[in-house]
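Chemist: Would you mind keeping the following structure in view while I ask a few things?
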Amino acid sequence: QVQLVESGGGLVQAGGSLRLSCVASGRTLTSYSMAWFRQAPGKEREFVAAITWSYGTTNYAESVKGRFTISRDISKNTVYLQMNSLKSEDTAVYYCAARIGGWRGSRDEYEYWGQGTQVTVSS
């Protein structure tokens, strides 16, 4: 089992920045990929970004490329999502997820989930 705990959400003005954190515990993450998803009210949960734990290879949704950066700190078992130039459409609950193997863009491919952290961008 992998336990994931997110933090760092909050209220920010459009154009501002936030950094989300996801602390993982329970397993060695060498063979895992970690991802961030988000879900806005009335919408499906969508892929935001992913990173492979061992190599640090990253992937992003088109909507966040150039604005968001995913990274990991192996010594802290933590994944980060740095969000810059935030827009009102980035408002959502952000979830951290983990899966064994390479990254995937589908929520159904991830076995482990955190509880989510709310990000609200005011215009």
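The values are calculated or read from the model by the stated rules, or taken from the named source; none is laboratory data. Please read all numbers here as calculations on a predicted model, not as lab measurements. Note: ideal-geometry Cβ built from the backbone for every residue, glycine included; neighbour counts use all protein chains shown. For the accessible areas, the whole protein counts, side chains as well, though only heavy atoms, and no ligand, DNA or RNA atoms are used. Shrake-Rupley method; radii C 1.70, N 1.55, O 1.52, S 1.80 Å.
Chemist: Return a yes/no flag: does region 36-59 have any residue that is free of Cβ contacts under 8 Å to residues at least 40 places away in the same chain, touching a helix residue (DSSP H, G or I) at 6+ places or on another chain (Cβ under 8 Å) and under 20 Å from residue 5 (Cβ atoms).
Modeler: Yes - at least one qualifying residue is present in region 36-59.
Chemist: Now for a different question. Find all pairs meeting these conditions: Cβ atoms under 7 angstrom apart; at least six residues apart or on different chains; first residue within region 1-28 and within 16 Å of residue 50 (Cα to Cα) and of a type in the set (Asp, Glu); second residue in a loop (DSSP other than H, G, I, E, B) and open to solvent by 70 Å² or more (accessible area, probe 1.4 Å).
Modeler: 6/115
Chemist: What is the residue count in region 14-48 for residues that are outside any loop (DSSP other than H, G, I, E, B) and surrounded by fewer than 12 Cβ atoms within 10 Å (Cβ to Cβ)?
Modeler: Residues in region 14-48 being outside any loop (DSSP other than H, G, I, E, B) and surrounded by fewer than 12 Cβ atoms within 10 Å (Cβ to Cβ): 1 in total.
Chemist: Moving on to the next point. Checking residue 75 against (1) more than 15 Å from the chain's Cα centre (by Cα); (2) within 26 Å of residue 11 (Cβ to Cβ); (3) not hydrophobic (A, V, I, L, M, F, W, C), which single condition isn't satisfied?
Modeler: Every condition holds for residue 75 apart from (2).
Chemist: Between a first residue in region 90-102 that is farther than 12 Å from residue 39 by Cα and a second residue that is open to solvent by less than 30 Å² (accessible area, probe 1.4 Å) and not in a strand (DSSP E or B), which pairs have beta carbons less than 8 Å apart while being 6 or more apart in sequence or on different chains?
Modeler: Short answer, once both residue conditions are applied: 97/110; 97/114; 98/2; 98/29; 98/110; 99/110.
Chemist: Restricting attention to strands (runs of 3 or more DSSP E) lying wholly within region 49-105, give those where 2 or more residues are open to solvent by less than 40 Å² (accessible area, probe 1.4 Å).
Modeler: Answer list for region 49-105: 68-73, 78-83, 92-100.
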